[in-house]
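**Student:** Okay, here's the structure, questions in a sec.
The values are calculated or read from the model by the stated rules, or taken from the named source; none is laboratory data. Note that the structure is a prediction, hence the values are computed from the model and not measured. Glycine gets a Cβ as well: all are built from the backbone with ideal geometry, and neighbour counts include every protein chain shown. Just the protein is used for accessible areas: all its heavy atoms, side chains included, with ligands, DNA and RNA removed. Shrake-Rupley method; radii C 1.70, N 1.55, O 1.52, S 1.80 Å.
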Amino acid sequence: MDVTLLVNTSAGEGDHTRGGLRRLLEAAGHRVALGRRKGKGLRRALENPGDLVVAAGGDGTVGRVMKALAGRAVPLAILPLGTANNIATSLGVRGSPEELVARWPDAGRRRVEVGTVRGPWGETRFIESVGLGLLARMMSPSVDHGIQDVEDARARLDRLVRTLPLTRWRLELDGEDLSGDYLLVEAMNVRCAGPNLCVPRADPADGRLEIVAAGEEDRPALRALGTGAAALGSVLLPRAGRRLTMWCKRKELHVDHTYGKDLRAPRGPMRVDVELSGLAVEVLV
């Protein structure tokens with residue numbers, strides 16, 4: 001196959017160079033073109049992507065490529081090299097690059113819909129989740145700085161759960177009022193977000209989002225998540241819906257791994273609409 005390879009060599013803890021991964025793919029019989037994984041370089045790489053696009057890196061790299069590839073007929077293969085690897089974990093893509101490349105000839109495909117978030121800044125795509133509160137606070141510069149791995153992130157999550165005050169948010173899910181006082185609100189597209197917090201039943205191809213909301217009574221359950229002892233969907237019952245509307249401030253919001261202040265949103269209260277775009281990516285699994 002003609003393969004476009006997009007690599008983040010600094011992801012995770014492994015030593016996977018662009019040259020090393022290129023040699024691995026060429027040894028498997030593929031013709032490889034190296035591309036850049038950001039900005040104009042990514043757009044140029046996808047102008048003529050060949051038969052398969054390969055995203056090698058963490059969730060940031062994989063999500064960026066998926067959003068750029070959405071709606072195209074070219075499939076995507078993931079080589080998970082990051083720390084959390086939420087997208088790969090959600091899709092059941094596990095193994096070393098060598099193992100995954102060897103499985104490509106017999107791999108199936110899984111459709112992953114791409115979400116959209118609309119606010120005063122415009123429209124932004126997402127793959128994992130959009131939310132308010134706890135995970136957004138973890139992505140703020142004062143908390144996110146220096147996180148080393150999933151265990152470290154979960155420890156910081158636990159500390160935040162114990163101290164984070166409730167916030168009253170106005171919420172609507174498909175027109176139904178869900179307003180209340182919450183620690184966390186997440187609209188999840190794939191199974192896992194943040195430091196591997198997972199909702200077992202989330203299906204990225206069913207046209208719906210899984211909405212998880214946690215209040216004061218859920219602090220013990222959220223602390224169990226911080227230890228890795230429970231999955232998000234086992235301690236908090238999600239609700240499925242097609243459109244979540246939230247009224248919030250930018251510092252309370254995250255879109256995938258982007259902190260709300262980086263969205264160029266205004267400082268005051270704003271309305272944010274979260275739904276699926278109708279565009280999708282086919283991923284080898």
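**Student:** In the chain, what percentage of the DSSP-assigned beta bridges are antiparallel, given to the nearest 5?
**Tutor:** 75 percent
**Student:** Per residue, how large is the accessible surface of the chain? Use a 1.4 angstrom probe and give square angstrom.
**Tutor:** 45 Å²
**Student:** Please report the relative contact order for the stretch 27-131, taking Cα pairs under 8 Å with a sequence separation of at least 6, and give it as a percent rounded to a whole number.
**Tutor:** 22 percent
**Student:** Tally up the carbon and sulfur contribution to the accessible surface of the stretch 98-143 as a whole percent, 1.4 Å probe, everything protein left in place.
**Tutor:** 46 percent
**Student:** Follow-up. Considering only C-alpha atoms, what is the centroid distance from the stretch 1-77 to the stretch 94-116, in Å?
**Tutor:** With the stretch 1-77 and the stretch 94-116 each reduced to a Cα centre, they are spaced 13 Å.
**Student:** Which cysteines in the chain lack any other cysteine whose Cβ sits under 4.7 Å from their own Cβ?
**Tutor:** Unpaired cysteines in the chain: CYS248.
**Student:** If I model the stretch 80-154 as equal point scatterers sitting on the Cα atoms and use the Debye formula, what is log10 I(q)/I(0) at q = 0.14, 0.16, 0.21, 0.26 Å⁻¹?
**Tutor:** Computed log10 I(q)/I(0) values: -0.69, -0.85, -1.12, -1.27.
**Student:** If you project the alpha carbons of the stretch 103-205 onto the principal axes, what extent comes out on each, in Å, largest first?
**Tutor:** Taking the Cα atoms of the stretch 103-205, the three principal extents are 50, 39, 28 Å.
**Student:** Moving on to the next point. Tell me, what is the 1.4 Å probe accessible area of TRP247, in Å² to the nearest 10?
**Tutor:** 60 Å²
**Student:** Now a separate question. So between ASP177 and SER96, what do we pick up on full extension, going 0.36 nm a residue minus the alpha carbon distance?
**Tutor:** Contour length minus Cα-Cα distance gives 24.7 nm.
**Student:** Run the numbers for ARG242 and GLU47: contour at 0.36 nm per residue of separation, minus the present Cα-Cα distance, in nm.
**Tutor:** So the chain would gain 67.0 nm between ARG242 and GLU47.
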